[in-house]
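Report on one structure; see the data block that follows.
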Amino acid sequence: MAQAIGLRFDPNLNQEAAELMGVKCVSMDELYATCDFITFHAPLTARTHGMFGDEALEKCKPGVKIVSVAEYKGSHGLLDENMLLRGLESGKISGVALDLLQSHCTRMNLHPTKYVIYYRRE
């Protein structure tokens, strides 16, 4: 499936398996610089906490779209909502889709763009 939709990064895929599937392994820097969409689907661990922040966003191509269905605990997650807002406001990020917000009292749910999508069960 990853090959069919052009995915280029799987942290659990070694070079041999990648070659067998006909996919290319790239560095995170190359991934950020070349991707139109970056998706996050990971549990929150010490390794993944804050994995995508300002430094990573700087490396992204302009207009990147961010999708996250990653886990949050309290106000902590893989992504920083304030960084996402700065990216949207600057145009570096052209759209964000989140399955949930870190906090219901965030500026994210007040952002005027139609491209910010999230779901919150109340």
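For region 33-44, name all the residues that are closer than 16 Å to residue 95 by Cβ and not aliphatic (A, V, I, L, M).
Once the filter is applied, which keeps residues that are closer than 16 Å to residue 95 by Cβ and not aliphatic (A, V, I, L, M), region 33-44 yields 35, 36, 37, 39, 40.
Among the residues of region 23-51, how many are in contact (Cβ under 8 Å) with a residue 24 or more places away in the chain and either in a helix (DSSP H, G or I) or not hydroxyl-bearing (Ser, Thr, Tyr) (or both)?
Residues that pass the stated criteria total 17.
Restricting attention to region 52-100, which residues are assigned to a loop (DSSP other than H, G, I, E, B) and either within 18 Å of residue 36 (Cα to Cα) or at pLDDT 85 or above (or both)?
53, 60, 61, 62, 63, 69, 91, 92
The values are calculated or read from the model by the stated rules, or taken from the named source; none is laboratory data. In this text the structure is predicted, and so the values were computed from the model without any measurement. Cβ: placed from backbone, ideal geometry, glycine included. Neighbour counts: every protein chain shown.
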